[in-house]
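All remarks here apply to the structure that follows.
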Amino acid sequence: MGKYFGTDGFRGEANVTLTADHAFKIGKFLGYYYSRNNNKCRVVIGKDTRRSSYMFEYAIAAGITSTGADAYLLHVTSTPSISYLVRTEQFDVGVMISASHNVYSDNGIKLINGNGEKLEESVTDMIEDYLDNKIPEVPYATKTNIGRTVDYFAGRNRYLGYLISIPMNSFKDKKVALDLANGSAFQIAQGVFNALGAETYVINNNPNGSNINDNAGSTHIEGLKRYVIENKMDVGFAFDGDADRCMAVDEMGNVVDGDKILYICGKDMKENGKLKKDTVVTTVMSNLGLYKAFDNIGIKYEKTAVGDKYVQACIKENDYSFGGEQSGHIIFAKYANTGDGVLTALKLMDVMISKKTTLGELAKDVILYPQVLKNVKVNDKNKCMNDEEIIQKGKEIEKELGDNGRLLLRASGTENVVRIMIEADDKKICDNYIKQIEDVIIKRGYAS
């Protein structure tokens, strides 16, 4: 990870960590870099519903056009729609303005290459050098060479049409609840489900610039659980701020997280001969219960670092077809090169309808181990992660857990936070070991 760009782009508090000046310079560098060799660069830009997204959208577009490139504005849309359009409409690069599941006061800039994947680190490293004035200033375009902006509403409609074409079944007579997180999905998800015949009900679909993810969406799923139970829904789906992840709720109000989604869809793909090499790509955060369930049905698995870009890299490198994260970033390689929350919901619906059963029945074979995650704010995550006393305490805990659990200690890729995850067959054991690690972090003076 670089100085500015982490596992999911350049993210921080708007106009504090990430400023309009940053956005302008990023746009300027992209326009220059992809216009080399006299190419006419085309950049597609989307944003979520945060108030600051409007500022960043026009700052980036100004930077792009100032160097002679053209900026195509989708306005409010999802990250996966940008990924889809970059690779299908021959754009040079895509930009998504979003801080995903973070609070509204944060924002981020995600960059997507021509294949619809996260931009290569070799390019983001150059952008970081440009932001820090380590490389020469790039030239402005003049006269008729100055670029232009284009309102590109047709692009979002193409993406919607693509989503509608994917399911093999009609959703007629299914009562579906959607939690849109007051985010990017509010102009996408309901229309897709309606077009497929579902009786669709939505919550958290009135964004005002500051209510994105506010007790809503995939990271605050309690409201959707209540809604599904009280209104006797067949199923519910919750998305995050930029709609690249999905969490589900079954007919009884039970949460079906990314691990269970990986099991349900992985099993269905294997049964239908569509799971390449009978392997699902997971991350180190996936639950032991998922692996035991995979073992029982003969599915192999890979484990990557946390981050959907690492999942995608593993899928691509090994010619796998499917993978994802516990958090709900799920990648169906046949259809997309990034996580897509709405696509994930559609695929789950397809399995339910094809098998003529409920989501709860499909998920019942995955018995998840208690897993406790604690985010500890620290003053220096890198020093904390390399502290010998903390490392030693981790080794002691791993030895004590043995084969009946595990510890995962890692630095956040987007925040100055250390994440402690303990998994064991008893929650009290998890809580005890979490406290032990946290106590050492506090004792060593890293907690902030």
Practice task
Go through the range 416-427 and give me each residue that's touching a residue at least 60 places away in the same chain (Cβ under 8 Å) and not aliphatic (A, V, I, L, M).
Solution key: E423
Exercise for the section: Can you tell me which residue within the range 377-399, out of those that are of a type outside the set (D, E, K, R) and touching a residue at least 40 places away in the same chain (Cβ under 8 Å), is nearest to E423 (Cα to Cα)? Expected result: I397
Handout entry: Pair list, Cβ under 7 Å, 6 or more apart: the range 310-323 residue assigned by TED's automatic domain parsing to the domain that holds L275 and part of a helix (DSSP H, G or I), other residue at pLDDT 95 or above and among the aliphatic types (A, V, I, L, M)
Key = V311/V281; V311/I331; Q312/I331; C314/V281; I315/V281; I315/I331; I315/A333
Completion exercise
(1) of a type in the set (A, V, I, L, M, F, W, C); (2) assigned by TED's automatic domain parsing to the domain that holds G108; (3) buried (at least 17 other Cβ atoms within 10 Å of the Cβ) all hold for I146 apart from (3)
Handout entry: Residue identified as of a type in the set (G, A, S), surrounded by fewer than 24 Cβ atoms within 10 Å (Cβ to Cβ) and on the phi > 0 side of the Ramachandran plot among G289, G223, G298
Key = G298
Fill in the blank from the handout: Within the range 348-379, the residues that are in a loop (DSSP other than H, G, I, E, B) and either surrounded by 15 or more Cβ atoms within 10 Å (Cβ to Cβ) or more than 27 Å from the chain's Cα centre (by Cα) (or both) are K356, T357, T358, D365, V366, L368, Y369, P370
Problem - Failed item in (1) in contact (Cβ under 8 Å) with a residue 24 or more places away in the chain; (2) closer than 24 Å to I212 by Cβ, with Y54 passing the rest - result: (1)
Practice task
Restrict the check to the range 277-287 and report whether at least one residue is part of a helix (DSSP H, G or I), at pLDDT 95 or above, more than 22 Å from I166 (Cα to Cα) and in contact with a Ser or Thr (Cβ under 7 Å, 6 or more places away or on another chain).
Solution key: no
Exercise for the section: Answer yes or no as to whether K118 is crowded, with 24+ Cβ neighbours inside 10 Å and at pLDDT below 95. Expected result: yes
Problem - Selected residue [in a loop (DSSP other than H, G, I, E, B), in contact with a strand residue (DSSP E or B) (Cβ under 6 Å, 6 or more places away or on another chain) and not aromatic (F, W, Y)] from G197, G217 - result: G217
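Here is a yes/no grid of residues against (1) free of Cβ contacts under 8 Å to residues at least 12 places away in the same chain; (2) surrounded by 22 or more Cβ atoms within 10 Å (Cβ to Cβ); (3) in contact with a helix residue (DSSP H, G or I) (Cβ under 9 Å, 6 or more places away or on another chain):
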position	(1), (2), (3)
S66	no, no, yes
D70	no, no, yes
L73	no, no, yes
P80	no, yes, yes
L85	no, yes, yes
D92	no, no, yes
V103	no, no, no
Problem - All positions within the range 163-193 that are more than 16 Å from F239 (Cβ to Cβ) and outside any strand (DSSP E or B) - result: I164, S165, I166, P167, M168, N169, S170, F171, K172, D173, K174
Handout entry: D48 being surrounded by fewer than 21 Cβ atoms within 10 Å (Cβ to Cβ) and at pLDDT 95 or above
Key = no
Problem - Within the range 210-220, considering residues that are free of Cβ contacts under 8 Å to residues at least 40 places away in the same chain and more than 15 Å from N254 (Cα to Cα), the one surrounded by the fewest Cβ atoms within 10 Å (Cβ to Cβ) - result: N215
Problem - Residue ID - farthest from L224 (Cα to Cα), chosen from residues in the range 188-200 that are surrounded by 17 or more Cβ atoms within 10 Å (Cβ to Cβ) and over 18 Å from the mean Cα position of the chain (by Cα) - result: L196
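The values are calculated or read from the model by the stated rules, or taken from the named source; none is laboratory data. Every value quoted in this text rests on a predicted model; they were computed, and no experiment measured them. Every residue, glycine as well, gets a Cβ built from its backbone with ideal geometry; the counts of neighbours run over all protein chains shown.
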